[in-house]
Every structure is written in C-alpha cells, then in structure tokens.
Amino acid sequence: MIMFFLVGLLVHVIFFISIFDIYFTSPLVHGMAPQVSPLPPPASRLLLVVADGLRADSLYKPDANGSTRAPYLRSVMEETGSWGVSHTRVPTESRPGHVALIAGFYEDVSAVAKGWKENPVEFDSVFNESRHTWCWGSPDILPMFAKGASGDHVYTYTYPAEREDFASTDASRLDTWVFDEVKSFLQSARENSSLMSSLQKDQNVFFLHLLGIDTNGHAHRPMSQEYLENIRLVDSGVKELVSMVEDIFDNDGRTAYVFTSDHGMTNWGSHGAGHPSETLTPLLVWGAGVHTAQRVTEPQKYSDGYLQEWQLEGLRRVDVNQADIAPLMSSLIGVPIPLNSVGVLPLQYLNNSDQFKAESMYSNAIQILEQFKVKMAQKKETTLSFLFTPYQSLMDHALEGLSYYHTYDRFFLGCSVVLGFTGWTSYVVLVILKTHAIHGRTHEGRCLVKPCACVLKVSGKTLWWIGVGATLLIGMFLIIQRSPVTYYIYCLLPVPVWYSVLKDHHTVIISLMAPIQYNLHFYLEKVELCLSPQVVSFFHRAMLTVGLAVLSLWPLLSGLYSKAKVRQGVACSSLLVWSLAPSPLMCTNLKGLDSKKYGRTVCAYVPTSTHSSLQLKQGLPLLNQIISWTTLGSSLFVPLLSSTRLFHRLLSIFLSLTATYLLLSTGSEALFPPVLSWLMFVWINIEQEAMLSQGCQVFFIITAFFGTGNIASINSFDPASVYCFLTVFNPFIMGGLMMWKVIIPFIIVMCTFETIQVSTQLSSRSLWEAVEMSPYSPTHYFYHYLVLLSFSLYPSFLHFLQHFFFLVQDYGSWLDIGTSISHYVIVMSMTIFLMLLSLMTHILTSRRVSLWRTRKMHFP
C-alpha cells in the first residue's frame, strides 16, 4: 500500500506539472532583427510618467463642483496634446502592466509567477533600445528593466521597500520623493558637464513610476480624499517637472511626454480582474511629434457614454491597447521597436509627414512578421514535415499566427495527459477490485463478483512486447522532433500504466460483466448524485445552497426529530448566508468588525484597533502586530497543550483556528468558522447515531473551501485581509497568509473527520464491509475517498476533464486564471492532500505536549 501511495503521488505530481508545460509557457522568441524607421525622429528625448493604480474616470471626470482634479493635465488635453483611454489586459497587476507599456507584449502568467522583481525570461524593451534611461520609483518595478537591459545604460533610483506601507501617514510621500529626486538630478546636471553631455544626446528616456496613488487606493479606496488629493499632487508635480525639463533644454521643442497608468482599481481597492474600473486607464501624449488638441463637432465612435460623463465630447478621443504605447514611444524618439512587441502603432497620435507615418508603420509590421517567422521556423524544426500545418492568411493575421504557433503542441500534449490520466484511473479501479473482490471474497455466504467465461486471452509476454514496441516508437518520434524532456514523461507515462491495467485484463472484464450486489450499486448512485451538484459548486458557489437546504430539511425528510437533527437544520440554515452572499472582498472591509460584537476578546480587539489606527494614519501598532503573529504561530501548538479528550481537544482546535481566522477577516465572514464549527459538533452527534449519509463528508469539505468565496481574495491580492500582520507590501507573505485563511475551515472539517473516525471506531473496517452496512453509516476516510475517486470520477471522467483540465486558462484575470488552476489542483490532489492533512489532524487531535512534569507525591 505504501508503494501504491508513492506511485500515485508521483503520477499526480506529473499530471499537475503538465498544465504548466501545456498552458503556461513563455511566448517570447529570440533571434529577430531590430526594426526602426530610417527617417529622423521628431523627438530627442521622452519623459514617461506612470501613475500606478490611476483610473481613467478619476482623472478625466470632474468633481461634484464641476472642476477638474488635475488642471494642468486637463489643459494639456484641451490645448497641447492628444488623449484617450489605454485598455489594459488582465491580469491588471503592476508587473504585467509595465511590461506591456515598456516592452510592448503581454507577459505570460508563468513569468509573472517566477519572479516579481527580476526577469524570469529575457525580453527587449524601449529602455533597452534607448541610449540612456533614467528611472525613479518603486523597487518592485524598476529592477526588472535594469537587469534585463544589455549594457549599463539604464540607471535606477529607488526608495527603500519599507516605505511602501499601506498604514503610512501619507502614501503620497512616495510620489513627492520621486519628484524631488528628479528635480535634484536635473539641478545637478547644470553643475556636472559629463552628465549634461549625456542628457543632450538623442534617444534618451526619463521614467517616473509614481506608486502613491495605488497605495492610497489600497489603503483608503479610490473614492477617498487621500486618493483624490494624491491625483492633485501628481498633477502639480508633472506641471513643475515639465517646466523644469523645458528650461534645462532651452525650450528646444524636442521633448515628448507620455502620461498613463499601468492599471486601474475597483471601488473596494483591489485590482487584478477585468472590471472596467481596472482595465480603463488614462493616456495623455504631448510635445514633440504629437498632435495638439483636435476639436470635433460630430459625434465620436465611442458609445460607452464616458465622453458625456467626463465632459469631453468636443475633444477627439483616441483609444489604444496598452501594448500599443511601446511602438508609439519608439517612433517618437527613433529607437527600434522592442523585439517582442505585439503593439500596433497608433498613427492618430503622430503629427508628422505621411512618409514618416508610412515608414513607422512598415517597421512595425516587419517587426511583428519577424517574430512570426522565427516562431514558425522553431516549430517547423521540431515537427515532422508531413505533420506540420502552416498557419494560413498570414498577412492579415500575423498576431493570430504567433498565438497559433505558441499553442501548436497544446492538443497533442493534452491528449497524452488524458490518456495517462484515464489509464491511472483504470488502474486504481483495478487495484480496489483485485484486492477486495477478485479473490472470491464473500459476505454472508454470497459471492460479491461472479466469474465470467468471456475473458480475452492475451499472454503477458505479448503485452510486454507491445509495451516495449510502443515505448520505442514514441521515443523515436520524440527524438526526431527534438522534443523537450518533459514531453517524454507525458507521452511515455501512459505506456507502463496501461500495461499494468491490461496485464490483469481478466480482472477488468470480470468486473465489468459480473453482476454486482445491489448495495454497491446503491452506494455508487448515491455518491454520484451527491457529487454532481458539488462539481457545479466549483463554478457557482450558490449551488452549495442546495446541499445546505437539503441538510437543513433533514429532520423533515427523515421523519425523525431528534435534537441533533434539529440543531443540524438550524446550523445548515445559518451557513446558507455565506453560500448566497458575494465574496467578502467585494462588500466589506476592516470596519465591518464592530467592536460592540467582539470587543471582549483580544483577537477581535486587534482588528478593530488596527482599523482605527489606520484610519487615523498612525500606522500598524506594534503590539497588535506582535499579538497577531503570536496568535498565528501558536494556533497549531496551543491545542496540543489541552486535554486529549476528543471534544475538549476539538473545542481547543476550533477556538485557536477561529482566533487566527478572525485576525484575517475583513467583515462578517469572521462568523463563518464559528458557525461551521457548530455544524461540525452537530454532525459528530449525528454520525454517532448512524443517521447521516456518507456523501456529506465531501460536501462539507467543498463548503469549507468555497463557503465564503475566499479563493477570490488570493487571486486578486487585496491586502486588507492581512493588515493586522503587516502593512508593508510583500506579495509572497501576504499571499501565504491569505492561503492559510482559506485552509483554516478545511482543517476544521478534517479534524471533525478524525474525531468521527475515533468516536465511531471505524478504522479497521474494510471497504466492502462498509458498503454492505446500512446506507446511513459513515465509513473510514481512506477507503471512502479511494472509492469516491475510483468509481465516482471514472464514469464521469470526460465531464471532469472538460471542466478541470481543458478549461485551465492562461489568459484573463488573476481570479479567472487562479480559479481554473485551483479547480484542477483540487481534483488532482484531493485524495493525497486529504491523506496528508489527515496525518496533521491526527496529531492535532491525539497528541499532547507537556511543558513540565509534576512529580508524584506519596504520603504516608
């Protein structure tokens, strides 16, 4: 059994890793020739200002009094420049947003996950193609462009990471620091002839990354006074900086300016998804080579209603995709378009000759075509000539052709994984049948499986030679195509798996053709009936309401009105609130923790006190931080100090984990663990009375995992949940804390399973004995999950693959991508993860730690 477990673990790990080779590979190719217009550019230098987290409506829309929040930038739009909306692509995060702006391509998710500050893959950028680039701003963004540049011509100036504090007195100080540093730099150039000589050269870029607006938006929300005042500060800072730049270069008219944002922000202070408030960002371009404001009298082509809302109907609006800004900046200063750029030059912004526009557009087209040629050549070299299918309609769909070759092997690898997964599922079914049925085991004098004479006779030696032949054929095919090592694993794994299945083919045939006892059919039908709505609940959390409603009506359906069942009905009815409510990320924040409700407990006092301190801009209190981390660190240790009596230990576990969950809560969701714990106590009583169906075990796990929709808070990286622990931006620690928050209800349910196992004394019962028992009796968790995956998932296997494998997404928001991966991981690792988690819960529920020993005293 240990070997079976280890092999199963290895197979599941391989299948899990396969989605990253199939769906999440880098789209970048290398070896293209740089493309640049041969005509002289209109600008010698470019000033790029990125206001991180700035929404388009926050800048363009007048306030309640009808006045603008950014008078200088508004004057640019109305007089000296062109404007529009930059449409970002999800995930709307800082790193992929800046990569799209400066490098011109949309970074794949695998690269984002491999490193936040450094380059996991080499890519070209406008900064790399420039003569010199000076950058000021956040240490989370600037280093990745400096480390990826060829040579030492990209200079970065960053403030300490500790300044990125969501609890700071005023986050706009980050932007003030940037403006002050740029002014000091330009002032020093007047006294430094060498620096001034570098500044006077052409193809220079100045980049200002302003993080204050994003930080204030996370901490105070975009409608707050802090967020709006930060916009005014940025506007005045840009005005002063432009005046200083024009003065130092003697108003030569050779400077181009670009003001934009990497992403927007929702009303509740998060970003990462595809809501218009996150994907619509402002774009203002003015200076050398750029059209001045153009008045229009006829209605414009945009039907979104924003022109009227922003009172900009009379000014021509030019929208672009975010990646289009990179070729625009390259054309303005005359540097090659970044090699991996997929942006299309927006000609409406250029104020130059038709010849210059034509040459720039031609360079842009050739640059995209070069990528296509390299991608096609790479794929053609690794594919047999009679299997290679070229992409058609190249000239009209060059960008689609890039995507076509990038996903060329996806179907082939997917089929290999499906074949291996199907074989492994068949093998698991075979192991169970062979262990418990084929040896002629009987129950109450009846044979569980009757033999059948119709058995296909194929010798083991023949199967072995077939397996060897298939291995050699697949190996030669992959060698000829020069496939990566991982391809060998995915394609060759099905061979030994299916050999193990077919080797005992008589077992399979007997199992399929033999009449199985009625109780087994009843068990499988019951589990399948329970499983179907749970699959739907992965996509629609409200489906959990159906299960909770059925359980709440159990006293009426069963006809028995015991106290335990009545309590169960009340508890399940209470959980209905969370299954129907939207994610707490979208509707509440720290102030939802009313001190009147929780003020008598320390762990409820901490969120309330922290919220008050943040509102007063006094930072995170050190005492609150110490209490929070101490509570988190002791949540798994303190229960080990309590009595080993089941209900005493279970209560200690529930209280410890609930305290941690409370510190990570953002509102009324803090009540979810107490209600869930109450339901678990009721469930234990019912299981002891042998009244509840076995299918509830899986249902409670899914309810614990998706009950409050907390998977959304991980994928959108809203820091509000972790303000009691830290306020300085750290995506990995924050993500880990949010993941622990999701797992806490899971542990509560698993500890309940362990308690039921011990209290009902079912650890030694076998699978078939449990099946033959009353249909309302609980079974041992190991055998139950083995049966669940083997018999319930196998008949619906293609249905599961459709939802959890073929619907894994490598595009969309963090919410969409992360949820699709989570679904696949949950299905793939359910059995193994629960077995490992059951070991931890076994320790929590049965072990005890003594900090000191008391010596026995004997009295005469």
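The values are calculated or read from the model by the stated rules, or taken from the named source; none is laboratory data. Computed from a prediction, not measured in an experiment: that's the story for all the values here. Here Cβ is always computed from backbone atoms with ideal geometry, including for glycine, and neighbour counts include all displayed protein chains.
Of all residues in the range 644-665, count the ones that are among the hydroxyl-bearing types (Ser, Thr, Tyr), at pLDDT below 85 and either under 30 Å from the mean Cα position of the chain (by Cα) or assigned to a helix (DSSP H, G or I) (or both).
If we filter the range 644-665 for residues that are among the hydroxyl-bearing types (Ser, Thr, Tyr), which is where we start, we get 644, 652, 656, 658, 660-661, 665.
Subset that is at pLDDT below 85: 644, 665.
Okay, now just the ones that are also either under 30 Å from the mean Cα position of the chain (by Cα) or assigned to a helix (DSSP H, G or I) (or both), so 665.
Summing the residues that are among the hydroxyl-bearing types (Ser, Thr, Tyr), at pLDDT below 85 and either under 30 Å from the mean Cα position of the chain (by Cα) or assigned to a helix (DSSP H, G or I) (or both) in the range 644-665 gives 1.
Yes or no: the range 296-307 includes at least one residue that is farther than 19 Å from Gln203 by Cα and touching a residue at least 60 places away in the same chain (Cβ under 8 Å). Step through it out loud before you land on a result.
The first filter runs over the range 296-307 and keeps only residues farther than 19 Å from Gln203 by Cα, leaving 296-307.
Applying the additional criterion that residues be touching a residue at least 60 places away in the same chain (Cβ under 8 Å) yields 306.
Checked the range 296-307: at least one residue is farther than 19 Å from Gln203 by Cα and touching a residue at least 60 places away in the same chain (Cβ under 8 Å).
Can you pull out every residue in the range 269-303 that is part of a loop (DSSP other than H, G, I, E, B), in contact with a Pro (Cβ under 9 Å, 6 or more places away or on another chain) and farther than 27 Å from Leu46 by Cα? Don't jump to the end; show me each part of the working.
First pass over the range 269-303, keeping only residues part of a loop (DSSP other than H, G, I, E, B): 269-275, 288-289, 291-294, 296-303.
From what is left, the residues that are in contact with a Pro (Cβ under 9 Å, 6 or more places away or on another chain) are 269-274, 288-289.
Answer for the range 269-303, where residues must be part of a loop (DSSP other than H, G, I, E, B), in contact with a Pro (Cβ under 9 Å, 6 or more places away or on another chain) and farther than 27 Å from Leu46 by Cα: Gly269, Ser270, His271, Gly272, Ala273, Gly274.
Which of the residues belonging to the range 275-300 are within 35 Å of the chain's Cα centre (by Cα) and either among the basic types (Lys, Arg) or surrounded by 17 or more Cβ atoms within 10 Å (Cβ to Cβ) (or both)? Spell out the reasoning first.
Quick first cut of the range 275-300, residues within 35 Å of the chain's Cα centre (by Cα) only: 275-285.
Across the range 275-300, the qualifying residues are His275, Ser277, Glu278, Thr279, Leu280, Thr281, Pro282, Leu283, Leu284, Val285.
Which of the residues that make up the range 212-232 are of a type in the set (A, V, I, L, M, F, W, C) and more than 25 Å from the chain's Cα centre (by Cα)?
From the range 212-232, those of a type in the set (A, V, I, L, M, F, W, C) are 213, 219, 223, 228, 231; that's our starting set.
Passing the criteria: Met223, Leu228, Ile231.
Might you check whether a residue that is buried (at least 21 other Cβ atoms within 10 Å of the Cβ) and at pLDDT 90 or above occurs anywhere in the range 110-125?
Yes, some residue in the range 110-125 is buried (at least 21 other Cβ atoms within 10 Å of the Cβ) and at pLDDT 90 or above.
Please give the number of the condition His209 fails out of (1) within 34 Å of the chain's Cα centre (by Cα); (2) part of a helix (DSSP H, G or I).
Just one mismatch for His209, condition (2).
Quick one: Gly305 ticks every box in (1) of a type outside the set (A, V, I, L, M, F, W, C); (2) under 33 Å from the mean Cα position of the chain (by Cα); (3) over 27 Å from Pro27 (Cα atoms); (4) surrounded by 15 or more Cβ atoms within 10 Å (Cβ to Cβ) except a single one, so which number is it?
Condition not satisfied by Gly305: (4).
Residue check: is Gly269 in contact (Cβ under 8 Å) with a residue 24 or more places away in the chain and crowded, with 20+ Cβ neighbours inside 10 Å? Even if it seems obvious, please write down each step before you answer.
Details: in contact (Cβ under 8 Å) with a residue 24 or more places away in the chain: yes; crowded, with 20+ Cβ neighbours inside 10 Å: yes.
Against the criterion (in contact (Cβ under 8 Å) with a residue 24 or more places away in the chain and crowded, with 20+ Cβ neighbours inside 10 Å), Gly269 qualifies.
Residue by residue, here is whether (1) outside the structural domain of Gly619 (by TED's automatic domain parsing); (2) part of a loop (DSSP other than H, G, I, E, B); (3) touching a residue at least 40 places away in the same chain (Cβ under 8 Å); (4) farther than 25 Å from Leu614 by Cα holds:
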| residue | (1), (2), (3), (4) |
| --- | --- |
| Asn216 | yes, no, yes, no |
| Met223 | yes, yes, yes, no |
| Asn230 | yes, no, yes, no |
| Ser243 | yes, no, no, yes |
| Asp247 | yes, no, no, yes |
| Phe259 | yes, no, yes, yes |
| Gly264 | yes, yes, yes, no |
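Scan the range 33-74 for residues that are within 17 Å of Leu210 (Cα to Cα), under 31 Å from the mean Cα position of the chain (by Cα) and not in a strand (DSSP E or B) and jot them down.
Asp52, Gly53, Leu54, Arg55, Ala56, Ser58, Leu59 - these are the residues of the range 33-74 that are within 17 Å of Leu210 (Cα to Cα), under 31 Å from the mean Cα position of the chain (by Cα) and not in a strand (DSSP E or B).
Of these, Thr158, Thr88, Thr92, which one is among the hydroxyl-bearing types (Ser, Thr, Tyr), touching a Gly at 6+ places or on another chain (Cβ under 8 Å) and modelled with pLDDT under 90?
Details: Thr158 fails: modelled with pLDDT under 90; Thr88 fails: modelled with pLDDT under 90.
Exactly one of Thr158, Thr88, Thr92 is among the hydroxyl-bearing types (Ser, Thr, Tyr), touching a Gly at 6+ places or on another chain (Cβ under 8 Å) and modelled with pLDDT under 90, namely Thr92.
Residues to consider are Val527, Val508, Val468; find the one that is at pLDDT below 85 and under 29 Å from Ile19 (Cα atoms).
On the way: Val508 fails: under 29 Å from Ile19 (Cα atoms); Val468 fails: at pLDDT below 85.
Going through Val527, Val508, Val468 in turn, just one is at pLDDT below 85 and under 29 Å from Ile19 (Cα atoms): Val527.
Would you pick out the residues in the range 308-334 that are over 35 Å from the mean Cα position of the chain (by Cα) and of a type in the set (A, V, I, L, M)?
Matches in the range 308-334: Leu312, Leu315, Leu332, Ile333.
For the range 620-667, what are the residues that are hydroxyl-bearing (Ser, Thr, Tyr) and more than 18 Å from Trp678 (Cα to Cα)?
Here is the first cut: in the range 620-667, the residues hydroxyl-bearing (Ser, Thr, Tyr) are 628, 630-631, 634-635, 642-644, 652, 656, 658, 660-661, 665-666.
Ser628, Thr630, Thr631, Ser634, Ser635, Ser642, Ser643, Thr644, Ser665, Thr666, listed by residue number.
Residues in the range 330-345 that are over 21 Å from Thr88 (Cα atoms) and part of a loop (DSSP other than H, G, I, E, B): how many?
Matching residues across the range 330-345 total 3.
Does Ile474 meet the test of being modelled with pLDDT of 70 or more and touching a Cys at 6+ places or on another chain (Cβ under 6 Å)?
Values: modelled with pLDDT of 70 or more: yes; touching a Cys at 6+ places or on another chain (Cβ under 6 Å): yes.
Considered against the rule, which asks whether it is modelled with pLDDT of 70 or more and touching a Cys at 6+ places or on another chain (Cβ under 6 Å), Ile474 comes out as yes.
Just one of Ser277, Ser261, Ser270 is under 23 Å from Arg95 (Cβ atoms) and in contact with a helix residue (DSSP H, G or I) (Cβ under 7 Å, 6 or more places away or on another chain); which is it?
Details: Ser277 fails: in contact with a helix residue (DSSP H, G or I) (Cβ under 7 Å, 6 or more places away or on another chain); Ser261 fails: in contact with a helix residue (DSSP H, G or I) (Cβ under 7 Å, 6 or more places away or on another chain).
None of the other options fit; the residue is Ser270.
Across the range 45-74, what is the total count of residues that are among the β-branched types (Val, Ile, Thr) and under 15 Å from Leu315 (Cβ atoms)? Steps first, please.
Pass one, the range 45-74, residues among the β-branched types (Val, Ile, Thr): 49-50, 68.
Retained after the next criterion (residues that are under 15 Å from Leu315 (Cβ atoms)): 68.
Looking only at that region, the number is 1.
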